[in-house]
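The values are calculated or read from the model by the stated rules, or taken from the named source; none is laboratory data. Everything quoted here is computed from the prediction, not taken from an experiment. Using ideal geometry, Cβ is built from the backbone for each residue, glycine included, and neighbour counts are taken over all protein chains shown. SASA here: full protein model, heavy atoms, side chains in, ligands and nucleic acids out. Shrake-Rupley method; radii C 1.70, N 1.55, O 1.52, S 1.80 Å.
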Amino acid sequence: MSAACRGAVRTLRVPGCHGYAAEFSPYLPGRLACATAQHYGIAGCGTLLILDQNESGLRLFRSFDWNDGLFDVTWSENNEHILVTCSGDGSLQLWDTARATGPLQVYKEHTQEVYSVDWSQTRCEQLVVSGSWDQTIKLWDPTVGKSLCTFRGHESVIYSTIWSPHIPGCFASASGDQTLRIWDVKTTGVRIVVPAHQAEILSCDWCKYNENLLVTGAVDCSLRGWDLRNVREPVFELLGHTYAIRRVKFSPFHASVLASCSYDFTVRFWNFSKPDPLLETVEHHTEFTCGLDLSLQSPTQVADCAWDETIKIYDPLCLTMPA
């Protein structure tokens, strides 16, 4: 593994590890988790990488191996050492970064690849939601060895499951069935179905500043914003990517700024309130860019990872300049 710092970009190269997801720690500034898979996730094992950054670049703090590709990762919201990953073998894994071995627990109920996992951000609950290619979503309490309930309704694979940062017990999901769906754990039924694209939807996220606003990213190369109070038409559409959008994240610091990464190898930054919404295009990967996160600690810091075996942390120009 080699780390380099080119300008403002800190890079770690991890041979044999193709990046699928990156997530900053909500507790420790500069700590990053990255879920990876061998052989582009088609076969082989997976590795969870825990990275720390310093003045000279990125360093590997700890790594954990699993016997199948790891496709997503989420940090605990109540313990700085705990993470959950999800895997191609249909399982979720609970890890402790304070221990060199693991996992602490494995949850195996999905019957196909688990592509998404997210830990609830509202403090009154400790819940994890997972989305699978078996067309189901499962709700978990990490202290309980089995799922609490299963949500059915999607008619194709589920790529993304994201908790609302505003409403306890509410989460969104995005699927190959071309819909965005909003769910409530108290009813175990779907609340809202949005026919958001005429293509598979690979990612969705909630706005941190508006409980009714979500964004979807799809195989049709478009990003669309949705106001849950009226879902007949998108409130914005962002065009510019040339291949499928793999992941989209709203900024924690700017109400109308978001970032997206794509199979076109780029990361793009947008301000959907502007007439010309594309702020910046970052082209520093040579393969599909799958993982993306914006730091909760620094208003300017971004992390991404790609199939080119590199993980990068950087400060895009558009986030370092005044709005």
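When the range 225-280 is limited to residues that are of a type in the set (Phe, Trp, Tyr) and open to solvent by 30 Å² or more (accessible area, probe 1.4 Å), the one that is farthest from Gln297 (Cα to Cα) turns out to be Tyr243.
Please go through the range 44-83 and pick out each residue that is more than 19 Å from Pro29 (Cα to Cα) and at pLDDT 95 or above. Break it down stepwise before answering.
First, the residues of the range 44-83 that are more than 19 Å from Pro29 (Cα to Cα): 44-47, 64-72.
Those that are more than 19 Å from Pro29 (Cα to Cα) and at pLDDT 95 or above: Gly46, Thr47, Phe64, Asp65, Trp66, Asn67, Asp68, Gly69, Leu70, Phe71, Asp72.
Filtering Thr188, Thr150 for residues that are in contact with a Phe, Trp or Tyr (Cβ under 8 Å, 6 or more places away or on another chain) and of a type outside the set (A, V, I, L, M) leaves a single hit, Thr188. On the stretch given as the range 15-29, residues that are buried (at least 21 other Cβ atoms within 10 Å of the Cβ), more than 17 Å from Ala259 (Cα to Cα) and not polar (S, T, N, Q) total 3.
Is it fair to say Val215 is open to solvent by less than 10 Å² (accessible area, probe 1.4 Å), farther than 24 Å from Thr289 by Cα and touching a residue at least 24 places away in the same chain (Cβ under 8 Å)?
Values: open to solvent by less than 10 Å² (accessible area, probe 1.4 Å): yes; farther than 24 Å from Thr289 by Cα: no; touching a residue at least 24 places away in the same chain (Cβ under 8 Å): yes.
Against the criterion (open to solvent by less than 10 Å² (accessible area, probe 1.4 Å), farther than 24 Å from Thr289 by Cα and touching a residue at least 24 places away in the same chain (Cβ under 8 Å)), Val215 does not qualify.
One residue stands out in the range 296-315 among those that are among the polar types (S, T, N, Q) and surrounded by 17 or more Cβ atoms within 10 Å (Cβ to Cβ): the one that is nearest to Tyr159 (Cα to Cα), namely Thr310.
So which of Gln93, Gln135, Gln126 ends up being within 20 Å of the chain's Cα centre (by Cα), open to solvent by 30 Å² or more (accessible area, probe 1.4 Å), of a type outside the set (Val, Ile, Thr) and farther than 27 Å from Phe253 by Cα?
Numbers: Gln93 fails: open to solvent by 30 Å² or more (accessible area, probe 1.4 Å); Gln126 fails: farther than 27 Å from Phe253 by Cα.
After applying the criteria, what remains is Gln135.
For the range 180-193, state whether one or more residues are open to solvent by less than 50 Å² (accessible area, probe 1.4 Å), part of a loop (DSSP other than H, G, I, E, B), in contact with a Lys or Arg (Cβ under 9 Å, 6 or more places away or on another chain) and not small (Gly, Ala, Ser). Checking the range 180-193: not a single residue is open to solvent by less than 50 Å² (accessible area, probe 1.4 Å), part of a loop (DSSP other than H, G, I, E, B), in contact with a Lys or Arg (Cβ under 9 Å, 6 or more places away or on another chain) and not small (Gly, Ala, Ser). Assess whether Asp293 counts as being closer than 26 Å to Arg31 by Cα, open to solvent by 10 Å² or more (accessible area, probe 1.4 Å) and either out of contact with any helix residue (DSSP H, G or I) (no Cβ under 7 Å at 6 or more places or on another chain) or in a strand (DSSP E or B) (or both). In short, yes. Against the definition (within 15 Å of the chain's Cα centre (by Cα), of a type outside the set (Val, Ile, Thr) and over 25 Å from Gly145 (Cα atoms)), how does Ala22 come out, yes or no? Yes: the conditions hold for Ala22. Among the residues of the range 67-89, those identified as in a strand (DSSP E or B) and either open to solvent by 20 Å² or more (accessible area, probe 1.4 Å) or not polar (S, T, N, Q) (or both) are Leu70, Phe71, Asp72, Val73, Trp75, Ile82, Leu83, Val84, Cys86.
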